[in-house]
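No lab work stands behind these numbers, since they all come straight from the coordinates. Bear in mind the structure is a predicted one, so any value in this text is a computation, not a measurement. As a convention, Cβ positions derive from the backbone with ideal geometry for all residues, glycine included, and neighbour counts pool all protein chains shown.
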Amino acid sequence: MAQFRLQGSRVLAVEMTGDAVKAKNGSMVAYDGRMTFKKLTGGGEGLRGMVTRRLTGEQMTVMEVKGQGTCYFADRASEINLVSLHGDKLYVESSNLLCTDAGLRTGTTFTGLRGGASGNGLFTTTVEGTGQAAIMSDGEAVVLRVSQRYPLYVDPGAYIAHQGKLQQKLQSGVNFRTLIGEGSGESFQIRFEGEGLVYVQPSERNTIGGDL
């Protein structure tokens, strides 16, 4: 299995010994050794995956990198976080997914209305299996724990990913922009309940889920 490690906080180094990873197309910045690169259609899921992503609006262009050596990935100087999966599932915005072990399965799932701009819509990308994934954030991401006793409320524009046994609901309420007088119309939040982790970034995307 490929070995993931961070070079600083904005470059991902992946050491491979004949194995492969799937990465965001165009994110390779350097490599040493012998590598092959192959563009995958539909996020690596073939025709069915490509059609699904067109219907859901989850745009995800992926390449497969395979070989012997070390490959380095980065994207727009984004901060990178490593997530280890042990047979569980990660839900992540497609624009925030940088790289995964090739053996991890990717797909899409309906998660409710959270946004409608920049590919952040009704559906979220899923990553499932055993291995590592690298996710990106605009600024240093914060990992927040959700427990049965304490639900978590997240601005849709700051949401990156979540994992664990969580249920999410969209509900109207007050967000930070409304409190400081910069919001307009009705604001929305994502409420997470259960047991798990939620990744948020300190910068907000523009989404119709955050401010209607």
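Tabulated data
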read-out: 3J(HN,Hα) from dihedral phi, the stretch 131-143, Karplus parametrisation 6.51/-1.76/1.60, rounded to Hz, x for glycine, proline; value: x, 10, 9, 10, 10, 10, 9, 8, x, 5, 6, 10, 9
read-out: Under 20 Å from the Cα of Lys89 - lysines, other chains or at least 8 residues apart; value: Lys22, Lys24, Lys165, Lys169
read-out: Per-residue ³J(HN,Hα) for the stretch 165-171, Karplus 6.51 cos²θ - 1.76 cosθ + 1.60, θ = phi - 60°, Hz, x for Gly and Pro; value: 8, 10, 10, 10, 9, 8, 9
read-out: For Ala158, distant residues with modelled amide H under 5 Å away; value: Arg205
read-out: Förster-model FRET efficiency, 30 Å R0, Thr61 and Glu140, C-beta, rounded to 0.05; value: 0.70
read-out: Estimated inter-spin distance, Glu195 and Gln3, nm [label 7 Å along Cα→Cβ]; value: 3.3
read-out: Potential extension, Tyr72-Arg34 segment - 0.36 nm per residue separation minus Cα distance; value: 12.4 nm
